[in-house]
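The values are calculated or read from the model by the stated rules, or taken from the named source; none is laboratory data. Keep in mind the model is a prediction, meaning the values are calculated, not measured. Cβ: placed from backbone, ideal geometry, glycine included. Neighbour counts: every protein chain shown. For accessibility, only protein heavy atoms count, side chains too; no ligands or nucleic acids. Shrake-Rupley method; radii C 1.70, N 1.55, O 1.52, S 1.80 Å.
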Amino acid sequence: MLTIRPRGGLRAAVISVLASAGCTSPDGGAAGPGEWPMYRGDLAGTGYSPLSEIDESNVSSLRTAWTYSLRGDPLPGGEPGRDPNSQATPIVVGGVMYLPAADRVVALDPATGGELWSYILDEGSPSRRGVAYWPGGGAEAPRIIFAAASRLIALDAVAGTPAAGFGEGGVVEMGIPYNSVPLVHDNVVVVGANTPPGAPGGIGNARAFDARTGERLWEFSSVPQPGEIGHDSWGGDSWVGRLGVNAWPFYFTVDEERSLVFLPLAAPLPWHYGGDRPGDNLFGNSVVAVDIRTGAYVWHFQTIHHDLWDHDPPAPPVLFDIPSPDGPVPALGVTTKSGYLYILNRDTGEPVFGVDEMAVPPSDVPGERASPTQPVPVSPPPLARVRFGTGDLVSAEDTSPEHVEACAALLASVGDVHHAGPFTPWVYRSPDGPPRTTLLFPGLVGGPNWGGVAYDPNRGYLLVFSQDLGSFGWLEEAPPGSPVPYIRTGPGPASFDVEVGGARWPCHAPPWGRMTAVDATTGEIVWQEPVGVTDGLPPEKANTGRPGRAGAIVTASGLVFVAATDDARLRALSAATGEELWVTRLERRGNANPMTYLGPDGRQYLAVAATDEIVAFRLP
C-alpha cells in the first residue's frame, strides 16, 4: 500500500493507492452485520454488539492484533508529534475503520490497522472524540463528517478527499465550535456547541445541517425566547444574552420511529452563582426531545432546577423498551453528574418509576436563591456517592497510614467543612469571616460522566460506570469588572484527594470507581462492583476502584468491556454478575469508550483509544 500525504492545506486531499494483496478497499457500502457504524454502535446509543465470538470461555486469551499511532507527524529535530490525548471511539462501516488522530482523519484496514487514506488538516485539529458516517444517496458518494472547532467538514469516504457539493470545498463554517461527534441520520447532521470564553449569547444551541449540501436546517433555542415554552423560568430579563445551556455531549441519540433526537443540555453560565438568573432556568440541565427534521420542541425533563454545580446530564439518553402486560413501554435512561439515573417514557418525558421533589439545603450567598427542591428518582437509588460523613473517611485499614495522614492534613487546610447531603450549595466566605468550605459529592467531575449508559437487551440491564470523588469550594466576592458579584474558588487542586506515590488517592473509603447494573424493568440495582486498582497498594487492598469518565459496551456473549479507569487497564466483566473475567494493561490510559466489530477476515475485534494510539485485540 502506497500512501501519499501532501501538506497542501485544508483542501488538499491525501490519496492512497491500495496496491498490496489482501488490503481492504473502502467500498462506501452500508454497515454490515457486526460492524460499528456510529459512536455508540447504534442510533439508540446502546453500546451493544450482537457479536459473540469472544465470550466468557475464551476472553482471557485476547491478544493485541495491531496498534496505530494517533500522534501528529514528528516535529523538527525528531521530537514526537502532537499528543492527541484521544477520547475517540472509532467507527467501522463498509469494511473500513474511520477515526480522528492529532492532526488528521484516517481510514484504516480494521483487520491490520494499515492506513488506507489520511486527510491532514493544515490548521487546528479534528475533534478528538470521533467521526460520523453518511451513506450517501443517488449520485452522491458516502461521506465521513466531523467537527474541527467551528468547521463542519465532509470527506469522500472512499478517497478521503473533500466532499463536492458540501458547503465550500467540503467545509461548512458553523460559527460556534463543537468539540464532539456529529449525529447523522436521514440526511440530517446534528451538532452541539461548546462555549469559549467571551462568546456571544445563544451559543449553547444545537443545530442541524443538510448532509448533502451543508445548508443549515434548524437551530433549537436552549434558552427559551419570548413566547416559547420555558421562557417564564427566567426571572426578569436574565435570559437575555445568557451563555451556557450547551448541547456539548460526545454524541446524540435518536428514536427513529418517532423521529426524535434527544438533546442533553448543560448548566447556564456562570453556573456557580445564579443570583442574576432567578427561577428554574430551562432548558438548563435538561434532556429535551425535538423533531429531528425541524428542531421543533416535543417535551423536556429537567434534572436540576437552577443549577449551581455544573451537574448536567453529560451524555444523551440510551433508548430501550420495557416489557409490560399492556405492551412495551418506550423508555430512555439518562444519567447526570449528580449521580442519578432517570428512567423516562420517551413518548412523554414522564418518569417511569417516579421522581420525588426532595427538599435540599438553601444557599447563604447574598442574592442567591437556590431551588428549595430537586428532582430525585424514586428508583434506582444514586449510582454514585451523594452523602458524606466523618465515618466515611478513609482508614489505614482501607489503604495506608501515609494516606490517612495526608487526608487529615488536607481537611485541616480548608477550614470548616460543610456538607449537607445531595445538592449542598457552595458556602459564602466573607472577607472578614472564618474560612468555610463546601465538600460536594459527587464532585465537579461528576459521578457518571460522558461515557453514557450501555444497554444489554438480553438481560434488560442498564450498565453505568461512575466515579466517587468529592470537590471543595466556596463563593467569595468577585474582583472588579466581573459579570457577577461572587465567584467560586477553592484549594488547588479542588478535589477531595491527595497525592501518594505520584498518584491521586481519594480521601473517603473505597470504592472510588464502580460499575452498576440496573434492571430496566424494575429500576432496581442488580449488582454493583468496584472497577480499577490502586497500584501503590498491596494486592489485598488494591481493588479500590478508580475514577474515570468514559463508559462501557456490552456484547451478545454477555461481556462488558470498559477502559474508563485511570489505572490504564482494559477489562472484561460478566454482564450477569459484574465479575472481572479479563484485564490487560495499556501503554497509556484508555480514556475512551471501547468498541467491537467483525473484521473483513470474519474475526471479532475489540478496539480502544489509549491516549495516543488505537489498540485492537483478537483471539489467537
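Just to be sure, is ASP326 out of contact with any helix residue (DSSP H, G or I) (no Cβ under 8 Å at 6 or more places or on another chain), assigned to a loop (DSSP other than H, G, I, E, B), free of Cβ contacts under 8 Å to residues at least 24 places away in the same chain and farther than 21 Å from ASP456 by Cβ? Yes; evaluated as a whole, the condition is true for this residue.
Looking only at the range 315-357, how many residues end up being under 25 Å from PRO372 (Cβ atoms) and within 17 Å of the chain's Cα centre (by Cα)?
Start the filter on the range 315-357 by keeping residues that are under 25 Å from PRO372 (Cβ atoms), which leaves 334-344, 349-351, 353-357.
Next cut, within 17 Å of the chain's Cα centre (by Cα) only: 334-342.
Number of matching residues: 9.
Taking the range 128-219 and the strands (runs of 3 or more DSSP E) fully enclosed by it, the elements with 2 or more residues that are farther than 24 Å from ASP291 by Cβ are at 143-148, 151-156, 171-173. Among the residues of the range 506-536, those identified as under 22 Å from ARG387 (Cα atoms) and of a type in the set (Val, Ile, Thr) are THR516, VAL518, ILE525, VAL526, VAL531.
Residues in the range 515-533 that are touching a residue at least 40 places away in the same chain (Cβ under 8 Å), part of a strand (DSSP E or B) and open to solvent by 40 Å² or more (accessible area, probe 1.4 Å): ILE525, VAL526, GLN528, GLU529.
Of PRO264, PRO278, all but one fail to be open to solvent by 10 Å² or more (accessible area, probe 1.4 Å) and either at pLDDT 95 or above or within 16 Å of the chain's Cα centre (by Cα) (or both); the exception is PRO278. The residue list ALA148, ALA163 contains one member that is crowded, with 23+ Cβ neighbours inside 10 Å and free of Cβ contacts under 8 Å to residues at least 60 places away in the same chain, which is ALA163. Residue selection: ALA412 satisfies the criterion of being out of contact with any Leu (no Cβ under 9 Å at 6 or more places or on another chain) and open to solvent by 30 Å² or more (accessible area, probe 1.4 Å). State which residue is surrounded by the most Cβ atoms within 10 Å (Cβ to Cβ) when the search covers only the range 330-386 and only residues that are of a type in the set (Asp, Glu), within 30 Å of TYR486 (Cα to Cα) and touching a residue at least 40 places away in the same chain (Cβ under 8 Å). Looking at the filtered set, the residue picked out is GLU368.
Scanning the range 559-576 finds one or more residues that are within 24 Å of the chain's Cα centre (by Cα), surrounded by fewer than 19 Cβ atoms within 10 Å (Cβ to Cβ), under 24 Å from ASP42 (Cβ atoms) and not acidic (Asp, Glu). Among the residues making up the range 218-243, those that are buried (at least 16 other Cβ atoms within 10 Å of the Cβ) and touching a residue at least 60 places away in the same chain (Cβ under 8 Å) are TRP218, PHE220, SER222, VAL223, GLY230. Of the residues GLY536, GLY545, GLY502, which is open to solvent by less than 10 Å² (accessible area, probe 1.4 Å), of a type outside the set (D, E, K, R) and over 18 Å from VAL608 (Cα atoms)? Residue meeting the stated conditions: GLY545. There is at least one residue in the range 72-85 that is closer than 23 Å to MET38 by Cβ and part of a loop (DSSP other than H, G, I, E, B).
Return a yes/no flag: does the range 334-344 have any residue that is assigned to a loop (DSSP other than H, G, I, E, B) and among the hydrophobic types (A, V, I, L, M, F, W, C). No, the range 334-344 contains no residue that is assigned to a loop (DSSP other than H, G, I, E, B) and among the hydrophobic types (A, V, I, L, M, F, W, C).
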